[in-house]
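Undergrad: Here you go, one structure.
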C-alpha cells in the first residue's frame, strides 16, 4: 500500500469504530461511573421576626449555598473476542527481501489500529472521531452528531434575584433559575470507501483480494477490542474533570452570585420581619470538561 492508501484505510477504521463503538457513554439518573459535577447557587437566609422592632441585620440568617450533584454519565467497555491471527489472516506487504509476507497483528496495530485510535481521541472533532462524544449547550445535535439523551448531564443554576422582594417576606429560600444546560452527543462517521482493497494469502498459498465485508469485519473487531481492552496504551477512556486528557466540546461552568446578601424588611402592624436575599454578580466557581484519553 502507498502512504495515501494506508491513510485511507486508517480513516476507514475510524468509520468502522463509529459504526459500532466499544467504549460507550450513557446518561443515567444518578450514580454514573464518571465523576460527579457540583452545581452551586445561593439561597436566601431564613426570615427573622419581632413584635417590637426590625431584627438587626447582624442577627439575621445569611444567605447560604445550595449544592446539587450531577453524576449522570456512565462509561461501559464492551468485551470483544476478535478473530485470531492465523499467520495469513491479514493483508500482505513486500518485505525487505522483496517477497510477499502477511502482516502480523503487531504490524496491524502499528500501521492501522493505533494510528486510528490517535485520530479518534484527537481534540479536533471530525469524521475520524466517529463514535466518540462531545458536550454542547443544545439539546438538538449539530450535523453529524446524534443526541445521547434529551436529559442534561449538567445544569448551571443561580438564584433568581427578580423573585425575591421585601413584600414577599418570608420568601421561599431557594428560588433558582437555570442559566445553561449541557447535553451529551456522539459523533457519526463517514464511509471513506478506500480506493483499493488489500490482498491476502489463501489457504492454498494463492493471492486473493479481500472482499470489503471481510476486511471491514476484521478491522471492526480489532478496533473495538483495541479501544475497549488494549493493554498497549491505546484503550479509550473518558473523564469529567478540570484537567487532564483532551477536552471535548463545551466547558461546563458552575457559577454563583458573589453578594453577601441584601437585607430587606417588611412591617405589618406589630409584626416586624427581616430577611437577607441573594445578590451580587455571577462568578465562576468550577469549570468541568468532558475529556477523552488513551490509556
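The values are calculated or read from the model by the stated rules, or taken from the named source; none is laboratory data. Since the structure is predicted, the reported quantities are computational estimates derived from the model, not experimental observations. Don't worry about glycine lacking a Cβ; one is built from the backbone with ideal geometry, like all the others, and counts go over all protein chains shown.
Undergrad: How many residues does the range 16-27 hold that are exposed (fewer than 15 other Cβ atoms within 10 Å of the Cβ) and under 16 Å from the mean Cα position of the chain (by Cα)?
TA: 1
Undergrad: Condition first: modelled with pLDDT under 95 and assigned to a loop (DSSP other than H, G, I, E, B). Can you find one or more residues in the range 100-121 that meet it?
TA: No, every residue in the range 100-121 fails to be modelled with pLDDT under 95 and assigned to a loop (DSSP other than H, G, I, E, B).
Undergrad: Take residue 161 and tell me if it is within 30 Å of residue 294 (Cβ to Cβ) and either in contact with a strand residue (DSSP E or B) (Cβ under 8 Å, 6 or more places away or on another chain) or surrounded by 15 or more Cβ atoms within 10 Å (Cβ to Cβ) (or both).
TA: For residue 161, the condition - within 30 Å of residue 294 (Cβ to Cβ) and either in contact with a strand residue (DSSP E or B) (Cβ under 8 Å, 6 or more places away or on another chain) or surrounded by 15 or more Cβ atoms within 10 Å (Cβ to Cβ) (or both) - is not met.
Undergrad: Scan 83, 111 and give me the residue that is surrounded by fewer than 15 Cβ atoms within 10 Å (Cβ to Cβ), touching a residue at least 24 places away in the same chain (Cβ under 8 Å), more than 24 Å from residue 34 (Cα to Cα) and touching a helix residue (DSSP H, G or I) at 6+ places or on another chain (Cβ under 7 Å).
TA: From the options 83, 111, the qualifying one is 83.
Undergrad: Out of the residues in the range 164-197 meeting the condition of being surrounded by 15 or more Cβ atoms within 10 Å (Cβ to Cβ) and at pLDDT below 95, tell me which one is farthest from residue 287 (Cα to Cα).
TA: Restricting to residues being surrounded by 15 or more Cβ atoms within 10 Å (Cβ to Cβ) and at pLDDT below 95, the top hit is 197.
Undergrad: Ok, one more. Tally up the residues in the range 166-186 that are over 18 Å from residue 256 (Cβ atoms) and within 33 Å of the chain's Cα centre (by Cα), please.
TA: Residues meeting the conditions: 4.
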